[in-house]
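The values are calculated or read from the model by the stated rules, or taken from the named source; none is laboratory data. Quick caveat, the model's predicted, so the values are computed rather than measured. Here Cβ is always computed from backbone atoms with ideal geometry, including for glycine, and neighbour counts include all displayed protein chains. For accessibility, only protein heavy atoms count, side chains too; no ligands or nucleic acids. Shrake-Rupley method; radii C 1.70, N 1.55, O 1.52, S 1.80 Å.
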Amino acid sequence: MPELPEVETVRDGLDRHVLGTRVVDVEVLRDYSVRRHESGPAGFRDQLLGQRLDAAVRRGKFLWLPLVPATADEVPDAGPAAALLAHLGMSGQLLVRSGPGLAERSPHLRVRILLEPEGVGPAGALALDFVDQRTFGHLSVQDLVPTPDGAPGGLGSDLPAVPAPVAHIGRDLLDPALRRDDVVDAIRRRRTGVKRALLDQTVVSGVGNIYADEALWRARLHYARATDTLRRPEAHRLLDAAADVMSEALAQGGTSFDALYVNVNGQSGYFSRSLAVYGQEGEPCPRCGTPVRRDEFMNRSSYTCPHCQPRPRNGRW
């Protein structure tokens, strides 16, 4: 599943390619892909037509494009009240097509949004394609609601608002408005394993299985360590490690194991070549040489170095 670096890579691509364009047509090829939109495919289309894409914003694994209606040009104070919200699920892709690429239609194309840059007309048309092989992703138009702290809602925005379904999602480790001490307090208050807390999107968003394992390895913590035994410096060390590993992955375009994750131009990321423990069962730990161990974890896997990350008894030291 795409995690924060992969979603941020897509957000950055949308920011560079589609801002300022207006929606001139919407084609929903699979109704299920707009299942979270209350008024269905027809309502989804109607709410997008004529809207200008005003920004590309992300919080954790959610992406959204605030919408400015045509009437806002005559009413200067009429800012965005709604946004096109996207969640990529396990295999979702947002691909920008232009020129000859407009003729391309993936067999897994679910929604096509036709865009025109202002003042250019049909000659400059673009298509924003939502491609999703496994169909766990979704698009919808959602109302924007104020953030509790009044700070910008997510990376890429100066608007203190988020789509309503995102309001319960915590800020992520690359969000300038995140208060790191608050996250440390929230983690230490929980009575669970540290990896479960790190994956809890209401505590801190954007961290998934890959980067949780990499961060825990860097911080020399076992995934089963009880959160209420973490000392504050340990919790800060873990969050620093998670932020560092995701920043490094972002610089390499994210982590791609197959063709299901690509950026808006269809290109794969390369951070999979830099993974220390995730997916490395039996390979030597880059730090000490001990073979990496794989354990079952929440219907997934956890990868650790048994020497660098000794398992605590019952989660405690």
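Checking the conditions here, which among 158, 149, 185, 181 is without any contact (Cβ under 8 Å) to a residue 24 or more places away in the chain, over 30 Å from residue 222 (Cβ atoms) and of a type in the set (Asp, Glu)?
Details: 149 fails: without any contact (Cβ under 8 Å) to a residue 24 or more places away in the chain; 185 fails: over 30 Å from residue 222 (Cβ atoms); 181 fails: over 30 Å from residue 222 (Cβ atoms).
Result of the check over 158, 149, 185, 181: 158.
In the stretch 299-317, which residues are at pLDDT below 95, under 22 Å from residue 234 (Cβ atoms) and touching a helix residue (DSSP H, G or I) at 6+ places or on another chain (Cβ under 9 Å)?
Once the filter is applied, which keeps residues that are at pLDDT below 95, under 22 Å from residue 234 (Cβ atoms) and touching a helix residue (DSSP H, G or I) at 6+ places or on another chain (Cβ under 9 Å), the stretch 299-317 yields 312, 315, 316, 317.
From 164, 177, which residue is of a type in the set (A, V, I, L, M, F, W, C), modelled with pLDDT under 95 and more than 16 Å from the chain's Cα centre (by Cα)? Lay out the reasoning, then the answer.
On the way: 164 fails: modelled with pLDDT under 95.
Result: 177 is the single residue among 164, 177 that is of a type in the set (A, V, I, L, M, F, W, C), modelled with pLDDT under 95 and more than 16 Å from the chain's Cα centre (by Cα).
When the stretch 194-210 is examined, which residues are found to be over 17 Å from residue 225 (Cα atoms) and assigned to a helix (DSSP H, G or I)?
Selection gives 210 alone.
Quick check on the stretch 293-315: of everything there that is within 15 Å of residue 209 (Cβ to Cβ) and in a loop (DSSP other than H, G, I, E, B), which residue is least open to solvent (accessible area, probe 1.4 Å)?
298
Considering only residues that are of a type in the set (Gly, Ala, Ser) and at positive phi, which ones fall in the stretch 187-244?
Of the stretch 187-244, the ones of a type in the set (Gly, Ala, Ser) are 193, 197, 205-206, 208, 212, 215, 219, 224, 226, 235, 241-243.
Scanning the stretch 187-244 gives a single hit, 206.
Which ones in the stretch 85-99 are surrounded by fewer than 20 Cβ atoms within 10 Å (Cβ to Cβ) and outside any strand (DSSP E or B)?
89, 90, 91, 99
Here is a check on your reading of the model: is residue 106 more than 22 Å from residue 51 (Cβ to Cβ) and touching a strand residue (DSSP E or B) at 6+ places or on another chain (Cβ under 8 Å)?
Considered against the rule, which asks whether it is more than 22 Å from residue 51 (Cβ to Cβ) and touching a strand residue (DSSP E or B) at 6+ places or on another chain (Cβ under 8 Å), residue 106 comes out as yes.
Only residues that are more than 20 Å from residue 247 (Cα to Cα) and either in a helix (DSSP H, G or I) or open to solvent by 30 Å² or more (accessible area, probe 1.4 Å) (or both): list them for the stretch 211-231, please.
Scanning the stretch 211-231 gives 227, 228, 229, 231.
If you take the residues in the stretch 13-66 that are open to solvent by less than 20 Å² (accessible area, probe 1.4 Å) and of a type in the set (S, T, N, Q), which one is modelled with the lowest pLDDT?
21
Filter the stretch 143-171 down to the residues that are buried (at least 22 other Cβ atoms within 10 Å of the Cβ) and part of a strand (DSSP E or B) and list them by number.
144, 155, 161, 162, 163
Can you find a residue in the stretch 5-26 that is free of Cβ contacts under 8 Å to residues at least 24 places away in the same chain and within 24 Å of residue 90 (Cβ to Cβ)?
No: zero hits.
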